Amino acid sequence: MLSKRNVLLLKIVLFLFALNFVTLFLYFTSHSKQSPLPSSQTLPNSLSNHLFNRHNDRFLKPWPILPSYLPWSHGSPPPSRSCEAYFGNGFSDRQDLLTPGNHGADGWFRCFHSDTLRSSVCEGGRIRMDPGRVRMSRGGERLEDVIGRKEEDELPKFEGGAFEVDGGPGLRGVPRRLAGDEFLDRYVPGNGIAMHTMRGLLQSAQVVGSTHFDCPQWVEEPTLLVTRFEYANLFHTITDWYSAYVSSRVTGLPNRPNVVFVDGHCMAPMEETWKALFSSIRYAKNFSGPVCFRHAILSPLGYETALFKGLSEGINCNGASAQDLWQNPDDQKTARLSEFGEMIRASFGFPLNRHRVEKPVSGYNVLFVRREDYLAHPRHGGKVESRLSNEQEVFDSLNNWASNHHVCKVNLVNGLFAHMSMKEQVRAIQDASVIIGAHGAGLTHIVSALPKTVILEIISSYYRRPHFALIARWKGLEYHAINLDGSHANPKIVIDNLSSIMKSLGC
């Protein structure tokens with residue numbers, strides 16, 4: 001006979017098994033949902049066949065299983081200005097600009113608008129891009145070959161018909177605009193951005209009849225069209241990655257899409273992560289001529305993400321685990337940044353089942369993120385503006401302290417990110433128990449940090465900006481700041497702060 005204690009343990013094990021089964025079932029069913037293309041029930045068979053043909057998806061990377069993943073489809077829209085509306089799927093206002101079968105149209109186009117972010121994710125089918133009607137540099141060149149090139153030469157300017165949607169055989173005569181000014185003002189507003197390229201793209205887009213919809217080459221797989229601003233800056237690039245990730249989830253893509261850069265920037269180190277996150281990348285001007293997409297998605301600008309908007313408007317959100325939110329939903333908490341950080345780590349092949357060991361045998365890694373001189377883009381002189389004037393002195397003092405710290409082993413890691421691959425940078429972040437650094441874009445990597453990581457930011461009085469305090473809060477990371485008078489730090493104060501943090505970790 002089983003004792004009462006054994007019976008209780010058996011019940012607990014069975015309950016946990018059942019809970020795990022239900023969680024996995026919900027995860028896979030939400031992942032297996034097809035892209036919400038127009039219903040095949042409303043389409044003739046010939047049109048339905050090519051819209052829903054998924055045979056080319058085998059060339060796309062699958063989505064990894066993410067511990068912090070929560071479903072992106074909701075029975076009802078999230079409340080305005082809630083955490084899910086900011087960081088998740090608040091794109092709940094659907095607007096159809098062209099539907100299949102409408103006046104015989106073969107193509108389709110629609111937008112999903114977020115009142116909270118004041119931006120839209122748009123998608124369509126049978127879309128033609130003519131790179132010859134997009135005025136910008138070719139893009140993808142080596143940095144050394146384009147030194148001195150102006151930024152305005154790299155950003156796209158769209159001529160009429162740069163993008164066209166197949167309006168079907170019933171559309172005759174002069175092409176018509178896909179989106180009018182009234183629609184754009186409501187659903188794709190400029191938001192104070194001097195050159196809103198997504199709006200410019202839609203202003204150029206036309207609906208044409210099938211007789212004028214000539215396609216010498218097709219891209220069969222779903223493809224994100226992305227325009228990058230400040231592409232050589234990690235913070236702004238992460239806003240682009242996040243926007244592209246959200247757009248993929250909002251449109252229900254069953255696999256990771258291709259990416260086409262609708263800009264003329266040269267190559268940059270961040271392309272390594274673009275390639276890891278998505279199935280492939282390509283520059284618009286690298287196509288030999290006009291190209292048609294079976295399914296194209298327009299990703300909002302990075303400036304329109306919560307990561308950027310949070311710098312100027314209050315976003316009252318705190319990080320929480322997906323498990324907690326699944327059991328106790330809370331509009332003021334989010335796990336979306338943790339989900340995104342796991343997406344980055346998984347894309348580089350790092351395991352996601354790691355948990356911070358309370359007392360690691362190999363010691364605690366303290367990562368000091370450094371600011372180095374390097375050539376960032378064609379207009380950059382190669383010198384990085386210092387945010388910590390005695391950075392080397394602070395690092396040397398910390399190194400000496402760590403070498404003589406006998407309570408536990410402390411490994412001070414020299415985070416020379418400018419001379420590390422993106423994969424090596426992400427590895428250093430995930431292996432760190434504590435991350436220290438002066439305010440700078442490199443700290444944006446904390447989106448990939450493990451849950452128990454502690455952040456210590458050294459802030460010059462000349463650069464008091466909330467970027468990393470906010471990211472730490474939205475991820476639920478412990479955050480500390482040393483606010484300087486000027487840009488010179490007292491090494492002893494930095495050591496005292498780190499020592500206090502290490503004691504809290506049991507070291």
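Convex hull over the alpha-carbon atoms of the stretch 391-439: what's its volume per residue in Å³?
Measuring per residue, one finds 90 Å³ for the Cα hull of the stretch 391-439.
Go through 121-127, 173-179, 451-457 and give me the packing order, highest mean Cβ count within 10 Å leading.
Details: 121-127: 26.0, 173-179: 15.4, 451-457: 19.7.
Taking the mean over residues of other Cβ atoms within 10 Å, the ranking is 121-127, 451-457, 173-179.
Could you work out the relative contact order of the chain? I mean the mean sequence separation of Cα pairs under 8 Å and 6+ apart, divided by the number of residues, in percent.
Taking the mean separation of contacting Cα pairs over the length of the chain, I get 15 percent.
With bins 10 Å wide starting at 0, give me the P(r) of the chain over every alpha carbon pair, in whole percents.
Taking all Cα pairs of the chain, the binned fractions are 4, 18, 27, 24, 16, 8, 3, 1, 0 percent.
State, as an integer percentage, the relative contact order of the stretch 304-455 based on alpha-carbon contacts under 8 Å between residues 6 or more apart.
Details: 175 pairs, mean separation 41.5, N = 152.
About 27 percent, as a whole number.
Using the heavy atoms of the protein chains alone and a 1.4 angstrom probe, what is the accessible area of the chain per residue in square angstrom?
Working: 22420 Å² over 507 residues.
On a per-residue basis, the chain sits at 44 Å².
So, with +1 on the Cβ of K and R and -1 on the Cβ of D and E, and no other charges, what is the size of the charge dipole of the stretch 317-417 about its Cα centre, to the nearest 20 debye?
200 debye
Divide, for the stretch 81-219, the radius of gyration over alpha carbons by 2.2 N^0.38 Å, where N is the residue count.
On the way: Rg = 17.1 Å, N = 139, 2.2 N^0.38 = 14.3 Å.
Relative to the 2.2 N^0.38 Å estimate, the stretch 81-219 comes out at 1.19.
Taking a ≥ b ≥ c as the square roots of the Cα gyration tensor eigenvalues, with a/c under 1.5 meaning rounded and otherwise prolate when a/b beats b/c, else oblate, which class fits the stretch 238-307?
Working: a/c = 1.58, a/b = 1.17, b/c = 1.35.
Because a/c hits 1.5 or more and a/b fails to exceed b/c, the stretch 238-307 counts as oblate.
At what distance in nm do the modelled label points of Asp485 and Ile281 sit from each other, each positioned 7 Å from its Cα along Cα→Cβ?
4.5 nm
P(r) tail for the stretch 209-328, what percent of Cα pairs lie past 22 Å? Please list the in-between numbers first.
Numbers: 3153 of 7140 pairs.
More than 22 Å apart: 44 percent of the Cα pairs in the stretch 209-328.
Please report the carbon-and-sulfur percent of the accessible area for the chain; probe 1.4 Å, protein heavy atoms only, DNA, RNA and ligands left out.
Working: 11800 of 22420 Å².
Carbon and sulfur atoms account for 53 percent of the accessible area of the chain.
Pop out the ³J(HN,Hα) list for the stretch 269-282 in order, Karplus 6.51 cos²θ - 1.76 cosθ + 1.60 with θ = phi - 60°, rounded to Hz; leave Gly and Pro as x.
x, 5, 4, 4, 6, 4, 5, 6, 5, 10, 6, 6, 10, 7
Report the Stokes-Einstein translational diffusion coefficient (µm² s⁻¹, integer) for the stretch 174-213, Rh taken as the Kirkwood radius over Cα pairs, at 10 °C with viscosity 1.306 mPa s. Let's see the in-between values first.
Numbers: Rh = 11.1 Å.
Using the Kirkwood radius from Cα pairs, D works out to 143 µm²/s.
Based only on Cα atoms, what mean projected area does the convex hull of the stretch 377-507 have, in nm²? Show your work: numbers first, answer last.
On the way: hull surface 33.5 nm².
Over all viewing directions, the stretch 377-507 projects a mean Cα-hull area of 8.4 nm².
Quick one: putting +1 on the C-beta of Lys and Arg, -1 on the C-beta of Asp and Glu, what dipole do you get for the stretch 79-168 around its Cα centre, in Debye to the nearest 20?
Numbers: 13 positive and 17 negative charges, 22 e Å.
With only Lys, Arg, Asp and Glu charged at Cβ, the dipole is about 100 debye.
Evaluate Rg over Rh across the stretch 184-260, taking Cα atoms for both radii and Kirkwood's formula for Rh. Please list the in-between numbers first.
Details: Rg = 15.1 Å, Rh = 15.0 Å.
Rg/Rh for the stretch 184-260 comes to 1.01.
Projected onto the charge dipole of the chain (+1 at Lys/Arg Cβ, -1 at Asp/Glu Cβ, origin at the Cα centre), which of Gly209, Val219, Val291 gives the Cα projection farthest towards the positive end?
So the residue we want is Val219.
Size of the dipole of the stretch 164-296 about the Cα centre, Lys and Arg at +1 and Asp and Glu at -1 on the beta carbon, nothing else charged, in debye to 20?
In total the dipole reaches around 140 debye.
Net charge within 15 Å of Asn497 by Cβ-Cβ distance, Lys/Arg positive one each and Asp/Glu negative one each, not counting Asn497 itself?
Charge balance in the 15 Å sphere: -1.
Counting only residues 5 or more places away or on other chains, whose amide H sits under 5 Å from the amide H of Ile458 once H atoms are built in the peptide plane?
Gly437, Ala438, His439, Ile482
Using only alpha carbon pairs under 8 Å that are at least six residues apart, calculate the relative contact order of the stretch 274-346 and give it in whole percent.
Values: 32 pairs, mean separation 17.8, N = 73.
Here the relative contact order equals 24 percent.
Rounded to the nearest 500, what is the chain's calculated 222 nm mean residue ellipticity when only DSSP H runs of at least 4 contribute -39500 (n - 2.57) each, over all residues? List each step's numbers first, then the result.
Details: 15 runs with 150 residues, N = 507.
Calculated from helices alone, the mean residue ellipticity at 222 nm is -8500 deg cm²/dmol.
Could you sort the peptides 85-91, 263-269, 307-313 by per-residue average Cβ neighbour count (10 Å cutoff), highest mean leading? Display every interim value, and only then the final one.
Values: 85-91: 24.4, 263-269: 20.4, 307-313: 16.1.
The densest-packed peptide leads the list: 85-91, 263-269, 307-313.
How much net charge surrounds Glu151 when only other residues with a Cβ under 11 Å from its Cβ are counted (Lys, Arg +1; Asp, Glu -1)?
Numbers: positive: Arg149, Lys150, Arg379; negative: Glu152, Asp153, Glu154, Glu230, Asp263.
Combined, the nearby Lys, Arg, Asp and Glu give -2.
The values are calculated or read from the model by the stated rules, or taken from the named source; none is laboratory data. No experiment lies behind these values; they were computed from the predicted model shown. For neighbour counting, all protein chains shown are included, and Cβ atoms are generated from backbone atoms with ideal geometry for every residue, glycine included. Just the protein is used for accessible areas: all its heavy atoms, side chains included, with ligands, DNA and RNA removed. Shrake-Rupley method; radii C 1.70, N 1.55, O 1.52, S 1.80 Å.
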